Amino acid sequence: MPIDETLARYSDLSFETAFAVYLLALVLFVAEFAAVRGRRTAPALVPAATAAPAPEGPGRVAEPVRRELSDRLGRMGVSVLAVGLFLHIGSMVLRGLATARFPWGNMYEFVTVTCAVGVLAGLIVLRRPALRVLWTFALIPVLLLLFVAGTVLYADAAPVVPALQSFWLPIHVSIVSVSSGVFLVSGVASTLFLLALHAEKRPETRLARLMHRLPDARALDRLAYRTTIFAFPLFGAGVILGAIWAEAAWGRFWGWDPKETVSFIAWVIYAAYLHARATAGWRETRAAWINITGFVAMLFNLFIINMIVSGLHSYAGLN
């Protein structure tokens, strides 16, 4: 079927606009982070009738006013982020319409949908004001991945190779994309958790003063654990469905192809994280490092295996 070049151009334009809107949202979240002066354990707005008056003077701002400023910036950031996600999803829908297929046939499209899921997951789990400030850090890997997708990994709208012309494509790839996007949130949370623990041991450092604006270390650890609990069975289901597809396409369920092997290794690492998180003596730093290792394995599987190692899953769409 011929490609609709007009829709393909609109898809690219929507992607580029979404990137710019995400960048604006990041600026607003950074401004919110800078306006926060202490850890948020309650809603950002302090009622005037109950808030204790803070001393004012030249160059000083009352605490309720400062909280209100940071809350306004954060709310604006969420609104802008939602607009960016709408444009982001629109770019995928337009590419799908332009090619008359599900837009998950190469690395550009896979990274795009994974980042969209990561943003959507963040909007759900970071919706409380106490956690919203984490967007300052969660959006950075999303923007980096989208930049790489739109430059190095970009592929023109085109039909997929015959091996991917299967009903298993939207099923397998969508499940893996969803789990990968949620794992992104989990990996960021575990990284911030380790930084927060380090800051607690050295409260006099500049890092400690910055980390004090974030939720406490235990809240970050719980966020990483809960998101991994959600993503882990999905990723396992994606691996199993991939094996079923492999049997239909290649006549075998498992052949230790590089991507199959690394996917299995990543699944085992995340299983080890969940086990370590429930084991006394491993619940804090050791478990967090395992979780980060799992996320690194996912990135290795996405970029190194697809772009450098040759295998049956080499459908990157790169020239």
In the stretch 73-85, is there at least one residue being of a type outside the set (Gly, Ala, Ser) and under 15 Å from Pro170 (Cα atoms)? no
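Got a sec? Which of Gly96, Gly90 is surrounded by fewer than 23 Cβ atoms within 10 Å (Cβ to Cβ), more than 21 Å from Val27 (Cα to Cα), without any contact (Cβ under 8 Å) to a residue 40 or more places away in the chain and outside the structural domain of Phe235 (by TED's automatic domain parsing)? Full working, then the answer.
Working: Gly90 fails: without any contact (Cβ under 8 Å) to a residue 40 or more places away in the chain.
Testing whether each residue is surrounded by fewer than 23 Cβ atoms within 10 Å (Cβ to Cβ), more than 21 Å from Val27 (Cα to Cα), without any contact (Cβ under 8 Å) to a residue 40 or more places away in the chain and outside the structural domain of Phe235 (by TED's automatic domain parsing) leaves just Gly96.
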Of the conditions (1) under 20 Å from the mean Cα position of the chain (by Cα); (2) farther than 30 Å from Phe167 by Cβ, the single one that Asp71 does not satisfy is (1)
Output the number of residues of the stretch 119-153 satisfying the condition of being under 14 Å from Val185 (Cβ atoms) and in a helix (DSSP H, G or I). 18
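Out of the residues in the stretch 52-86 that are of a type in the set (Asp, Glu) and modelled with pLDDT of 55 or more, state the one that is nearest to Leu28 (Cα to Cα).
Our first condition is that a residue be of a type in the set (Asp, Glu); within the stretch 52-86, this holds for 56, 63, 68, 71.
Adding the requirement that they be modelled with pLDDT of 55 or more leaves 68, 71.
On the way: Glu68: 14, Asp71: 11 Å.
Only one residue tops the list, namely Asp71.
Please go through the stretch 131-175 and give me each residue that is within 25 Å of Ala243 (Cβ to Cβ) and at pLDDT 90 or above, ordered by number. Before you say what the answer is, go through the steps one by one.
Filtering the stretch 131-175 for residues within 25 Å of Ala243 (Cβ to Cβ) gives 160-175.
Result: Ile175, single match.
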Pull up the stretch 1-28, narrow it to residues that are part of a helix (DSSP H, G or I) and of a type in the set (Val, Ile, Thr), then point me to the one that is surrounded by the fewest Cβ atoms within 10 Å (Cβ to Cβ). Thr6
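The values are calculated or read from the model by the stated rules, or taken from the named source; none is laboratory data. Treat the numbers as computed from the prediction; the structure is a model and nothing was measured. So basically every Cβ, Gly included, is an ideal-geometry build from the backbone, and we count neighbours across all protein chains shown.
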